[in-house]
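This report concerns only the one structure given below.
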């Protein structure tokens, strides 16, 4: 087994576990999470009608992206989706000036972009099995 494939797998599983875990813990308390997010943005320039749907969609997106990356299924699309989620989170974080959260989101964005750049090493994945 090639080292690059192992490194890719470990990095993919790391970001997958983070996304999956974020979604998993938020889904059972979706209403509370949404209320917290709306309150966090109440003094920002984003109107609540934009924050509310995002606050409900975010945990679902995190869960699905994480699950797909854990399996290595639709990896390319999942990495692009994860990158888009991070861009949206980074934008929102800057609007509420939550500078403490920004480094974590930027690290996730680097994971998504870096994995996408080296997707040819995604050989330990369901995607690879389907190709054969």
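Scan region 62-120 for residues that are assigned to a loop (DSSP other than H, G, I, E, B) and under 21 Å from residue 33 (Cβ atoms) and the total you get is 5.
Within this structure, residue 19 passes the test of being touching a residue at least 60 places away in the same chain (Cβ under 8 Å) and under 19 Å from the mean Cα position of the chain (by Cα).
When 30, 58, 79 are screened for being over 25 Å from residue 114 (Cβ atoms) and at pLDDT 95 or above, only 30 passes.
In region 4-16, the residue that is farthest from the chain's Cα centre (by Cα) out of those that are surrounded by fewer than 17 Cβ atoms within 10 Å (Cβ to Cβ) and within 20 Å of residue 107 (Cβ to Cβ) is 7.
Of all residues in region 27-49, none are within 17 Å of residue 127 (Cβ to Cβ) and surrounded by fewer than 16 Cβ atoms within 10 Å (Cβ to Cβ). Looking at 126, 77, 60, 110, just one residue is more than 21 Å from residue 4 (Cα to Cα) and surrounded by fewer than 19 Cβ atoms within 10 Å (Cβ to Cβ), and that residue is 60.
The values are calculated or read from the model by the stated rules, or taken from the named source; none is laboratory data. Just so it is clear, the structure is predicted and the values come from calculations on it, not from any experiment. Here Cβ is always computed from backbone atoms with ideal geometry, including for glycine, and neighbour counts include all displayed protein chains.
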